[in-house]
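Below is one structure, written out as structure tokens; the observations come after it.
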């Protein structure tokens, strides 16, 4: 009897060890993580970084720049194969495909054809998965089995110049997306369960930026970078609360998600540097008061992170930089050009920057100097998606075909 009990204890311990990373792992259910701020709270950084990372598995899933979504032990991947866009659910431990669904989708043309796959990150909420295809098709699936629940194609044949790229957001049972094309667009809120439209704000067309949530004076509002403006939209009814003109310069397009810090909004991405405003209640209205502006340094196709009062990003001239979030002053700039399409995460004790050149760069946070801790080659193909990081695991989707699980050991 004692030997049987001992075997049972050992078996239970093995099971717990196998699944511990997922029982306590942090989800990455949408664009830039749980709070859309690119912060990872449970990354297990090693005391000494290894010479190389260990690739546990790699799976062929199709082309695309869409960042995967991770919820529990399931990984949701949105890609393109041939004439179809395809959503897959993988076992995050093994890479095994659990379910998939496809539909015929328009193919990007012109300059956008170099990136034929989806750009938009799936959003997972309340047992559902939302995807937005390059042609503006919004789809909702059952996260457990892949059954299609509803589909929305309100703007057929209408998309931005480089096709749809914003990532939908779910707030208070509403699925909210910015659809349409230049001069003809709408921010639309649908009932998540049924797909029925609840409200829409018709105005500017969409950009390649994604909405983020903020609350001011008890009012939940979406901060959205449109083709011409940065706007605040009420979550409850779609009312326009405030607006700031944000003209683009040269061939720059609004691709960076706004950064929210309390009542402060920091925005960049359209070629005019970086600016910070404070959103305040003024009587019955909301106003945006400019706090500072740095017209020299901003991003193009990446969103900075805010950590300990400092902004870390990749500038329009492709260099890593650190900027004070209090006054917009630059405190250091890296010497190397790593590509302005890269991404950067706050992983607690370190920053993780991923270059389209397929290098994962580990940086020590600090306002006085650039200090690189490690660098790893993680693919033979270009990478435009964010890494998804949890525990000691790093999931990386390359542009051409595969997603891989790398372990920090």
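Derivation of every value follows stated rules applied to the coordinates shown; laboratory data play no part. This is a predicted model, so every value here is computed, not measured. Glycine gets a Cβ as well: all are built from the backbone with ideal geometry, and neighbour counts include every protein chain shown.
The figures follow:
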| quantity | calculated |
| --- | --- |
| Cα convex hull volume per residue for region 2-407 (Å³) | 152 Å³ |
| Helical mean residue ellipticity (222 nm; -39500 (n - 2.57) per DSSP H run of 4+; nearest 500) of the chain | -2000 deg cm²/dmol |
| Alpha carbon centroid spacing (whole Å) that separates region 277-327 from region 52-119 | 31 Å |
| Relative contact order for the chain, counting Cα pairs under 8 Å that sit 6 or more residues apart, in percent | 14 percent |
| Fewest-first ranking of 32, 151, using other Cβ atoms within 10 Å as the exposure measure | 151, 32 |
| C-alpha center-to-center spacing [region 131-182, region 343-409] in angstrom | 28 Å |
| Within a Gaussian network of the chain (alpha carbon springs, distance under 10 Å), most fluctuating of 380, 398, 73 | 380 |
| Ascending count of other beta-carbon atoms within 10 Å, so fewest first, for 264, 48, 67 | 48, 264, 67 |
| Ranked 357, 329, criterion: other C-beta atoms within 10 Å, fewest first | 329, 357 |
| Gaussian network model of the chain, springs between alpha carbon atoms under 10 Å - residue of 315, 335, 167 with greatest fluctuation | 335 |
| Region 255-409, relative contact order [Cα under 8 Å, separation at least 6], % | 12 percent |
